[in-house]
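Undergrad: Got a structure for you, written out below as structure tokens; questions coming shortly.
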Amino acid sequence: MGGAVSAGEDNDDLVDNLLEADYIKTACVERVFRSVDRAHYFTPEFRDNAYKDLAWKNGNLHLSAPCIYSEVMESLQLASGLSFLNLGSGTGYLSTMAGLILDVGQNKDLGNRHRSGDSHALTVMVGGFFTWSWSSVSFFNERQAMN
């Protein structure tokens, strides 16, 4: 899978292509995909690949193809009040989208991975659906969490 949807120029193009190919079927999943820019989960030198419907791997970082994530999000039928555990959460892209639908206050990733070190602030506001802010994104080692 992957590669079924043509590459877009930005996150909205990617979502439009996923809608046109019938991977995204519900307004809820569409809003979350539009709210979470896939490029924020790539290392800076590979961000030009963010809007292609292809999987990406760089060292320990991995993102599945957007068409795969859209099928997962549609199949899970997430709603506020439900729970979601993503084992092997990679970059946190899927967990972030799931967390927005679930309306949870935190998205924790306990992992022992090397990250790009790219901290950024991200604010999500979409048509009254939800408002969410992140700032100073940081990643930590699970051993640090135990202390």
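Undergrad: Applying the selection to the stretch 31-62, what residues are under 21 Å from residue 74 (Cα atoms), open to solvent by 50 Å² or more (accessible area, probe 1.4 Å), outside any helix (DSSP H, G or I) and charged (D, E, K, R)?
TA: Selection gives 52 alone.
Undergrad: In addition: For the stretch 63-86, enumerate the residues that are touching a Phe, Trp or Tyr at 6+ places or on another chain (Cβ under 7 Å), assigned to a loop (DSSP other than H, G, I, E, B) and of a type outside the set (A, V, I, L, M, F, W, C).
TA: Result: no residue meets the conditions.
Undergrad: How about the stretch 5-15: which of its residues are crowded, with 17+ Cβ neighbours inside 10 Å and free of Cβ contacts under 8 Å to residues at least 24 places away in the same chain?
TA: 15
Undergrad: While we're here: Would you point out the residue of the stretch 75-95, among those that are surrounded by 17 or more Cβ atoms within 10 Å (Cβ to Cβ) and out of contact with any His (no Cβ under 9 Å at 6 or more places or on another chain), that is modelled with the lowest pLDDT?
TA: In this case the residue turns out to be 89.
The values are calculated or read from the model by the stated rules, or taken from the named source; none is laboratory data. Here the structure is a predicted model, which is why all the values come from computation and not from measurement. Cβ sites come from the backbone with ideal geometry, for glycine too, and all protein chains shown count toward neighbours. What goes into the accessible areas is simple: the full protein's heavy atoms, side chains included, and nothing from ligands, DNA or RNA. Shrake-Rupley method; radii C 1.70, N 1.55, O 1.52, S 1.80 Å.
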